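The values are calculated or read from the model by the stated rules, or taken from the named source; none is laboratory data. Predicted model only: the values in this text are computed from it and were never measured. Glycine also receives a Cβ, built like all others from the backbone with ideal geometry; neighbour counts cover every protein chain displayed. Ligands, DNA and RNA are excluded from the accessible area calculation, which covers all protein heavy atoms including side chains. Shrake-Rupley method; radii C 1.70, N 1.55, O 1.52, S 1.80 Å.
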Amino acid sequence: MVAEFTSDPIEHRLWLDEQRPGGSSTPGNGRGSRQLGRRAIVIGAGMGGLAAAGALAKYFERVEILERDRLAATAGSRSGTPQDRHPHGLLAGGLRALDRIFSGFKHDLAAAGAVPVTFARDVQFERPDVGVLPKRDFGISVLCATRPLIELVLRRRAEAVANITLRSASRVIGIVPAAGGAGVRGVQFVNGSGRFETLDADLVVDASGRGAPTLSLLDALCWDRPQMTEIGVDITYATAVVEIPPHATSEWKAVLTLPDPPYVALHAIIVPTEDGRWISAIADHNATARIETWEAFLEASRSLITPTVYNALRYAQPPGSIRHYRFPVSTWKHFERLPHLPRGVLLIADAFCRFNPIHGQGMSSAGKQALLLQDVLDRAAEDPDPIAALQAGFMTEVASVLETPWTMSTSADLAFPPDARQKARQFRGSARVRSCPFPCRRRRSGRSSRDVGSRPAAAASAAATGTRDHATDRGGHQSRRHAGRRLTGPSSTLTNPFCQRKNLT
């Protein structure tokens with residue numbers, strides 16, 4: 001988790017809203033504005049999906065959220081978010097964005113037991129170059145809690161909106177294309193009783209985490225898949241949850257200890273949670289073995305750049321187990337570079353861009369993307385074709401929300417061996433800021449402009465830009481080569497192998 005940048009437009013507008021008398025200018029969840037359609041469907045009830053549903057509720061008669069997991073009425077881990085048993089950070093910008101969408105969310109989260117932490121008065125930042133940073137009150141407050149609690153509070157707020165329906169235990173089979181293949185008709189899924197259902201929709205928002213429903217739709221329509229930028233991370237977490245010792249220090253509430261690449265690859269974090277505990281994680285790059293015991297966890301904490309974490313945990317009661325999580329690669333699927341998406345489809349959060357979670361950007365970025373969606377919805381409602389205006393507006397602006405956390409997190413990851421130089425070349429080549437072609441280019445017919453020419457020419461172009469190519473088998477599974485390597489080939493040419501195209505040359 002790191003201090004938040006303030007250069008993206010959503011963060012800037014959040015700041016401007018706070019300067020206005022009376023607070024935010026963003027409309028809330030009340031009804032009464034122009035409706036864009038009868039039904040919007042959100043695939044996934046994670047942070048991005050729930051926030052997107054809140055943004056959509058004002059503009060559609062019904063908003064249906066389809067979630068694969070069977071959701072409990074209390075906070076608890078679930079299989080759809082395997083990372084939720086590890087430390088999470090809802091940064092200040094993300095907290096403000098969610099509070100704009102669901103007015104009172106911040107109050108509800110605090111009432112549920114989240115611990116208030118002030119940057120940087122209550123946080124001990126430790127860097128290898130300067131040691132412990134001075135504690136200053138920047139006037140920025142966050143609420144620390146476990147991911148399951150944050151998600152539960154957000155889910156309750158979404159379910160309290162009259163026209164939002166959350167269907168748990170609903171496994172999406174696919175997005176159903178409309179007749180003619182230019183857009184979507186709805187979503188097919190298997191409900192909690194095991195029966196197949198299809199819901200018609202004017203808009204489908206893919207918050208599935210991997211973007212698989214949208215990628216499968218592109219394959220079915222014989223449209224190009226997006227280019228993809230990947231930065232190899234290969235980071236593993238060992239996490240322990242302990243009761244805060246009775247005589248714990250009062251000098252800080254949370255600790256962030258940075259690594260010293262290439263000499264020390266270990267990060268560490270301690271965050272307070274709602275139940276009087278610390279959740280502490282030690283992260284390692286390119287680890288060859290996992291930390292399996294409490295003794296090994298303490299021993300690893302002694303290898304950090306300062307003894308702060310070790311001294312805090314050495315007197316804690318040992319936890320019942322050590323939890324583990326591995327994150328191999330940060331991924332940005334560049335849907336915003338496609339000439340068009342099928343009419344009525346948008347993507348949000350991890351379906352678009354997955355960050356290395358050690359930097360604490362994922363939930364906050366999802367909240368800001370949802371707030372952008374709400375802003376664009378408000379403008380699109382006045383357009384003669386609001387669905388098309390919504391797609392064009394969101395896809396034009398979303399990169400500006402993603403660029404700051406992506407650049408911050410991937411730049412830090414490039415410092416680690418063994419592939420730092422190769423990953424740096426890839427990053428410079430394919431992750432630089434580009435203008436979005438979304439509103440002005442036509443849907444491809446036959447081959448797109450990026451696909452024209454011989455294979456050697458396309459390979460040379462890909463080598464120049466540093467883009468990655470993922471070969472896809474007939475089952476839709478991607479074969480992944482080493483995450484730090486730059487591969488050749490036009491990554492925009494992945495299409496349905498059974499497609500009967502015409503005029504391919």
Filter segment 155-179 down to the residues that are under 27 Å from Asp99 (Cα atoms) and either among the aliphatic types (A, V, I, L, M) or surrounded by fewer than 21 Cβ atoms within 10 Å (Cβ to Cβ) (or both) and list them by number.
Arg156, Ala158, Glu159, Ala160, Val161, Ala162, Asn163, Ile164, Thr165, Leu166, Arg167, Ser168
In segment 59-86, how many are open to solvent by 30 Å² or more (accessible area, probe 1.4 Å) and outside any helix (DSSP H, G or I)?
14
Do we have Ala3 as modelled with pLDDT of 95 or more, part of a loop (DSSP other than H, G, I, E, B) and of a type in the set (A, V, I, L, M) here?
no
Could you say whether any residue in segment 174-190 is assigned to a loop (DSSP other than H, G, I, E, B), within 26 Å of the chain's Cα centre (by Cα) and at pLDDT 95 or above?
no
Return yes or no: is Asp234 in a loop (DSSP other than H, G, I, E, B) and of a type in the set (D, E, K, R)?
no
Could you please let me know if Leu50 is touching a residue at least 60 places away in the same chain (Cβ under 8 Å), crowded, with 16+ Cβ neighbours inside 10 Å and not in a loop (DSSP other than H, G, I, E, B)?
yes
Could you grab the pairs with beta carbons closer than 7 Å, sequence gap of 6+ or different chains, first residue in segment 91-105 and within 16 Å of Thr404 (Cα to Cα), second one outside any helix (DSSP H, G or I)?
Leu91/Glu4; Leu91/Val142; Leu91/Gly360; Ala92/Glu4; Ala92/Ile140; Ala92/Ser141; Ala92/Val142; Gly93/Glu4
Could you grab me the full set of residues in segment 179-193 that are farther than 14 Å from His340 by Cβ and touching a strand residue (DSSP E or B) at 6+ places or on another chain (Cβ under 8 Å)?
Ala179, Arg185, Gly186, Val187, Gln188, Phe189, Val190, Asn191, Gly192
Restricting attention to segment 142-160, report how many residues are of a type in the set (A, V, I, L, M), out of contact with any helix residue (DSSP H, G or I) (no Cβ under 7 Å at 6 or more places or on another chain) and in a loop (DSSP other than H, G, I, E, B).
1
Scan the strands (runs of 3 or more DSSP E) fully inside segment 243-285 and keep the ones with 2 or more residues being under 11 Å from Ile305 (Cβ atoms) and in contact (Cβ under 8 Å) with a residue 40 or more places away in the chain.
267-272
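Return the residues of segment 94-141 that are part of a loop (DSSP other than H, G, I, E, B), touching a helix residue (DSSP H, G or I) at 6+ places or on another chain (Cβ under 8 Å) and surrounded by fewer than 18 Cβ atoms within 10 Å (Cβ to Cβ); say none if nothing qualifies.
Matches in segment 94-141: Gly104, Ala112, Gly113.
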